[in-house]
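**Q** This is the structure I have questions about; it appears just below.
The values are calculated or read from the model by the stated rules, or taken from the named source; none is laboratory data. Please read all numbers here as calculations on a predicted model, not as lab measurements. Cβ sites come from the backbone with ideal geometry, for glycine too, and all protein chains shown count toward neighbours.
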């Protein structure tokens, strides 16, 4: 687990709020994707610079956009 990844307690709070609808292809681990989204928001780095431990950047980017369009609230960068 990286320094700012979600703890087990944080994940238990967030997991029920996420959509769980299958889309035909096996889902990438939601927790890993969330950690990747938070990494990009926290660092301000481009999606392509996402570390491999969070999975393919395009998967994390697509999930972020899909959740945002569905009205899922995600935190913005901290100033």
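**Q** Would you check which residues across the stretch 36-46 are within 11 Å of residue 64 (Cα to Cα) and in contact with a helix residue (DSSP H, G or I) (Cβ under 8 Å, 6 or more places away or on another chain) and list them?
**A** Within the stretch 36-46, 36, 37, 40 qualify.
**Q** Right, something else. So, of the residues in the stretch 20-75 that are within 16 Å of residue 4 (Cβ to Cβ) and not in a helix (DSSP H, G or I), which turns out to be modelled with the lowest pLDDT?
**A** 75
**Q** What is the one condition in (1) without any contact (Cβ under 8 Å) to a residue 24 or more places away in the chain; (2) touching a helix residue (DSSP H, G or I) at 6+ places or on another chain (Cβ under 8 Å) that residue 25 does not satisfy?
**A** For residue 25, the failing item is (2).
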